[in-house]
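Every read-out reported here was derived from the displayed coordinates using simple, explicitly stated rules and does not represent laboratory data. In this text, all values refer to a predicted model and were calculated from it rather than measured experimentally. Backbone-built Cβ (ideal geometry, glycine too); neighbour counts: all protein chains shown.
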Amino acid sequence: MSSKQAQQTIIEEFSFFDDWMERYQYLIDLGKQLPPLPSEEMTEDRLLDGCQANVWLIAEGDADHLTFRAQSDAAIVSGLIALLLRVYSERSASEILSTKPEFIEAIGLSDHLSPTRANGLNAMLRAIQNVARSAQSAAE
């Protein structure tokens, strides 16, 4: 499944919910499905800046194939991580960099996240893109 297809699937899933309380609950449920990071991987150097909640991001791979794993101590943020991983993990650096997060607007997240959660979401996106840029530069 491409990143574009992953975004379309997310948009379709969220279209089943009539109100934002149901969508928030779905986000929380998605976050609960994330595999937990081992405590030894939850180090200070993997903690993202710009998020009010603690978010640890681990990137592995190279420009041809990047895998991301992440965890947060906040339920809704964990759900946001789950969405981002569906779109951006297991992709090439070039696909990551060329994929705009259109699902955020399409499912209404941009209108329904608090400013601090929106900042955290943007920080997570920047971190993923920075990893992809670094991997792409290293390959050149």
Subset of the range 77-117 [out of contact with any helix residue (DSSP H, G or I) (no Cβ under 7 Å at 6 or more places or on another chain) and not hydroxyl-bearing (Ser, Thr, Tyr)]: Leu85, Glu90, Lys100, Glu105, Gly108, Leu109, Asp111, Pro115
Residues that are in contact with a strand residue (DSSP E or B) (Cβ under 9 Å, 6 or more places away or on another chain), of a type outside the set (Val, Ile, Thr) and farther than 17 Å from Ser3 by Cα, drawn from the range 62-78: Ala70, Gln71, Ser72, Asp73, Ala74, Ser78
Meets criteria (closer than 16 Å to Val77 by Cβ, touching a strand residue (DSSP E or B) at 6+ places or on another chain (Cβ under 6 Å) and of a type in the set (A, V, I, L, M)) for Ala118: no
Single residue of the range 79-123 satisfying the filter (farther than 22 Å from Asn54 by Cβ and among the charged types (D, E, K, R)) that is farthest from the chain's Cα centre (by Cα): Asp111
Restricting the range 38-63 to residues that are out of contact with any Gly (no Cβ under 8 Å at 6 or more places or on another chain) and closer than 14 Å to Leu85 by Cα, the residue that is surrounded by the fewest Cβ atoms within 10 Å (Cβ to Cβ): Glu60
Options Ser89, Ser78, Ser15; residue that is in contact with a Gly (Cβ under 7 Å, 6 or more places away or on another chain) and of a type in the set (Gly, Ala, Ser): Ser78
Pairs, first β-branched (Val, Ile, Thr) in the range 23-45, second surrounded by 11 or more Cβ atoms within 10 Å (Cβ to Cβ), C-beta under 7 Å, six or more apart: Ile28/Ala75; Ile28/Ile76; Ile28/Gly79
Subset of the range 85-140 (residues that are among the polar types (S, T, N, Q), assigned to a helix (DSSP H, G or I) and touching a residue at least 60 places away in the same chain (Cβ under 8 Å)): Thr116, Asn119, Asn122, Gln136
